[in-house]
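A short reminder: the numbers here are calculations on the coordinates, not readings from a lab. As the structure is a computational prediction, the values presented were derived from the model and not from experiment. Glycine gets a Cβ as well: all are built from the backbone with ideal geometry, and neighbour counts include every protein chain shown.
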Amino acid sequence: MIVNRPAEAQSALMFRLALRRYAIPLRRTSGVQDLGALRRIPNSPRRWLGLTEWSGRVLNVIDLPHLLGDRAVERAKSIVRLREPHSGMALYVPAHLGLTELTTPVPVVADEPYVALGSGPDALHWIHLDGLVAECARAVV
Amino acid sequence: MQTKLGAGFLLVALLYVGVGLAVPRFGFEPIPEIILAVSSYLVIGLSAAWWFSFRITRRMRELAAAAAEIRNGDLTRTVDTSGNDEVADVASAFAVMADSLMHVVHEVQRAAAEIHDSAQSLAQSSDEMDGMASEIAGAAQEIARGAESQANELSRTDKRAHELAGIASDVAAGAHNVNQAAAEAARRAHDGSSDAKRAADGILELTAQNVEASKSMDGFREKASEIGALINSVRSISHQTNLLAINAAIEAARAGEEGRGFAVVAEEVSRLSDTVRGFAERISGISEEITDGSARIGQQFRLSTQAAESVGKRVNRTLESFDGIITETCTTAERAAEIHELTAIQNNAVNDVLESLKQISSIVVANAHGTEETSGTTKNQRESMREMAHSARELAVASDQLRELVSIFRVV
């Protein structure tokens, strides 16, 4: 079912993986930095990369390309820390990050991790961050 | 004989007288007296006639018997030649005749035997001579065929000798050409050796220049690598600047309307960071191309140096080969000169052989003609031998017949 509603935020964090361009609402993030030391957890799900440290706090690092079914093409190893209610989680984004502004409403498609804004190879795909992170959090728990 | 006949007639006459005187003394009647006288006369006359005839014909019969025996071939029969009358003379003449005849027959027999033996020997010799003549004729034919074959062989040999002479001339000409070519090759080998020496010097110089260029290219590549390291620093700075701008934008978004101006600045900084990043990527690409190109050029210089060294070694080997070629071509020229001289000698020898072959050919032809004449003569001789053998056989037959004829005479 498709429901049209206004965009959650005008500013977005944008990046490109191998297949598509993606965008995350900027107001749902609390910061970006390079991935430091990563502690991997044995027998953990593939989408959960492990644990890292951010300003004295431990964060769960989620493999975003794996969740999106895409793959990285750059050597960049950035993580995006999420804001409440997922402040203990960070998304691993192996791509160059950029900023953009959205003026069109974003459609929400149930049970889909993202929705395409536009068409063609340069179409921007808006990530439904709550559902994606919640599912990932359940898997981590 | 006349004396004996006279004595006999005298005795008969005396007997007649005695009978005429005795008969009348018996006193017989006239008639019986006459009859007695006549009878006595008859008896005396007949007896005297028988006795004379007996004495005369007895030896004649003996001669006749002897002649008959001689006629039958018994020449050994002897006759009584005693006496001095005509019969004795006849007997003596008969004995002489028989003896002469026996001698003749004996000689004839001996001569016939000798003739027979000679005829046999002659026939045998004729047969043997005929056989020998046949063998001589066969041999003469073989010689004639051999002479023909020799003539053919000599003709072929002469042809081959001419060909050999032509080949020897060609070889001499070829050897002369080889001599000249070897001299030309030696001269060119000298030129090639000089060029190769110059090429070796040039290659050494090129190798040295390549080594220097390779060193310069290594330095250039190191500088390009330093540029790449600086580009990495610029890329890192751009990345950190971009993260800083994004974090600033996040903080501006959290601040709401108060942070909008700050968000604009953060966005500009992020865009500037992207621009720097783009330039860094372009410079990095160019630096990588320069590094790769300098590496390829350096590698090409090294390969060129290695190739130049390899070429230098080959040129050195070429120089050695040229030295060997010069030596070998000089040797070849000498050998070609020797071959030329030897072929000239060989040509003279072949000409001598040709002359000898010509003489031999004439001799063989003469031998062939002689052999043909010998063959004809032998053929005629064979005919003569056959005729002689035939005559000898006929003579043997005739001698046999003569021996058979005279064999009826027994001489011993």
Residue of B:His116, B:His103, B:His176 that the Gaussian network model of chain B assigns the largest fluctuation, springs spanning Cα pairs under 10 Å: B:His103
Relative contact order (percent, whole number), chain B, Cα cutoff 8 Å, 6+ residue spacing: 34
Choice from A:Leu102, A:Leu124, A:Leu64 with maximal GNM fluctuation in chain A (Cα, 10 Å cutoff): A:Leu102
Nearest-20 debye value, the stretch B:127-406 charge dipole, Cβ charges on Lys, Arg, Asp, Glu: 1600
Gain in span if fully extended, B:Glu251 to B:Ser216, counting 0.36 nm per residue against the direct Cα distance: 7.4 nm
Principal semi-axes in Å for the stretch B:272-325 [√(5λ), Cα gyration tensor, largest first]: 50, 4, 4
Size of electric dipole in the protein assembly as shown: Cβ of Lys, Arg +1 and of Asp, Glu -1, about Cα centre, debye, nearest 20: 3740
Reachable lysines, given that their alpha-carbon falls under 22 Å from the alpha-carbon of B:Lys197 and they are not under 8 places away in the same chain: B:Lys313
Antiparallel DSSP beta bridges within the protein assembly as shown, percent to nearest 5: 80
Rounded to whole Hz, the Karplus (6.51, -1.76, 1.60) HN-Hα couplings of the stretch A:61-78, x for glycine and proline: 9, 9, 7, 5, x, 5, 5, 7, x, 10, 9, 7, 10, 10, 8, 5, 10, 9
Computed magnitude of the charge dipole of the stretch B:1-72 (debye, nearest 20; Cβ of K, R +1, Cβ of D, E -1): 380
Relative contact order, percent, chain A [alpha-carbon distance under 8 Å, six or more residues apart]: 30
Whether the stretch A:29-141 is rounded, prolate or oblate, judged on the alpha carbon gyration tensor where a/c under 1.5 counts as rounded: prolate
Dipole-positive endmost among B:His103, B:Ala255, B:Phe301 within the protein assembly as shown (Cβ charges, Cα centre): B:Ala255
Degrees between helix A:129-140 axis and first principal axis of chain A (Cα, 0 to 90, nearest 10): 30
For the protein assembly as shown: rounded, prolate or oblate by the Cα gyration tensor [a/c cutoff 1.5]: prolate
Spatially proximal lysines relative to B:Lys358 (Cα-Cα < 18 Å; intrachain offsets below 8 disregarded): B:Lys159
Those trypsin sites (Lys or Arg not before Pro) in the stretch B:1-60 that DSSP places in a loop and that have at most 12 other beta carbons within 10 Å: none
Inter-chain shielding of A:29-38 (mean C-beta neighbours from other protein chains, 10 Å cut-off): 3
Square roots of 5 times each gyration tensor eigenvalue, C-alpha, the stretch B:19-160, largest first, Å: 91, 12, 7
Under 20 Å from the Cα of A:Lys77 - aspartates and glutamates, other chains or at least 8 residues apart: A:Asp34, A:Glu53, A:Asp63, B:Asp274, B:Glu281
With at most 13 neighbouring Cβ atoms within 10 Å, loop trypsin sites (Lys or Arg not before Pro) (DSSP) excluded, longest segment of chain A: A:76-141
Lys/Arg +1, Asp/Glu -1 at C-beta; the stretch B:119-217 dipole; positive extreme among B:Ala137, B:Ala173, B:Ala147: B:Ala173
Kyte-Doolittle mean at least 0.0, axial Cα span of 30 Å or more - DSSP H helices of chain B: B:30-71
Cα gyration tensor shape of the stretch A:40-99, rounded if a/c is under 1.5, else prolate or oblate by comparing a/b with b/c: oblate
Relative pair counts by distance (%), Cα atoms of the stretch B:301-412, 5 Å bins: 3, 8, 6, 6, 5, 6, 5, 5, 5, 5, 5, 4, 4, 4, 4, 4, 3, 3, 3, 3, 2, 2, 2, 2, 1, 1, 1, 0, 0
Among B:Thr275, B:Asn348, B:Ala336 the positive-end extreme of the charge dipole of the stretch B:261-412 (Cβ point charges): B:Asn348
